[in-house]
Amino acid sequence: GKLLVRQIVKFSDRSELAVDALASTSAYPLEELTDREGDGKILGLNILGVSFVGDEAQEDQRRPDSRIRFVFDEGNFKFGDLKIPYPVPFRLPILRDAVKGWIDITYLSDRMRIARGNKGTTFILQKED
């Protein structure tokens, strides 16, 4: 099977945004997920944010197995029983490279993960009970 990463942003008990991404790690490689080639600009415009590429995007060789590569695949807003597709066409060929990314895990415990993303964002994720 394929490794799937789901990001969920909860707006309330009955509304959320869920975005799915296909993922690749050294333990679960996904051959179709190649390194990002562009910096994320579309037709020269910074629409989805600028990504590190090339030398800036090299994985830390001192920390093998700490990177998760991903490509966003689909997303949906949910409002109670109503489901509305996320308005970014992730599978559109012109956008496919721009919706690729990675996170490097910099800290991991049973309760928390801290990671740095391909656009320089720091993520602090806490496991739910």
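Across the options Pro64, Ile94, Gly75, the greatest Cα extent toward the positive end of the charge dipole of region 54-95 (unit charges at beta carbon of Lys, Arg, Asp, Glu) belongs to Gly75.
Computed extension gain for Leu108 through Leu43, at 0.36 nm per residue and net of the alpha carbon distance, reaches 19.6 nm. Expressed in units of 2.2 N^0.38 Å, where N is the residue count, the Cα radius of gyration of the chain is 1.11. Annotation: peptides 102-111, 2-11, ranked by per-residue average of other Cβ atoms within 10 Å with the highest first, follow the order 102-111, 2-11. A Förster radius of 22 Å, combined with the Cβ-Cβ distance separating Phe11 from Glu74, puts the computed FRET efficiency at roughly 0.70. Label separation (Arg62 vs Asp35): 2.0 nm, computed from points 7 Å beyond Cα along the C-beta direction. Close Lys pairs in the chain (alpha-carbon distance under 17 Å; sequence gap of 8 or more, or different chains): 7. Inter-label distance, Leu125 to Ala18: 1.6 nm, where each label sits 7 Å from its Cα along the C-beta direction.
When only the Cβ of Lys, Arg, Asp and Glu is charged (+1, +1, -1, -1), the dipole of the chain relative to its Cα centre reaches about 260 debye. Overall dimensions of region 82-129, expressed as equivalent-ellipsoid semi-axes from the Cα gyration tensor (√(5λ), whole Å, largest first), are 27, 17, 7. To put it simply, the accessible area of the chain at a 1.4 Å probe is 53 percent carbon and sulfur. Considering every Cα-Cα pair within region 1-60, what fraction, in whole percent, is farther apart than 20 Å? Of all Cα-Cα pairs in region 1-60, 50 percent lie more than 20 Å apart. For the chain, the per residue solvent-accessible surface stands at 70 Å², with DNA, RNA and ligands left out and a 1.4 Å probe.
The values are calculated or read from the model by the stated rules, or taken from the named source; none is laboratory data. Worth saying up front: this structure is predicted, and the values here are computed from it rather than measured. Backbone-built Cβ (ideal geometry, glycine too); neighbour counts: all protein chains shown. Quick note on the areas: whole protein, heavy atoms, side chains included, nothing else; ligands and nucleic acids left out. Shrake-Rupley method; radii C 1.70, N 1.55, O 1.52, S 1.80 Å.
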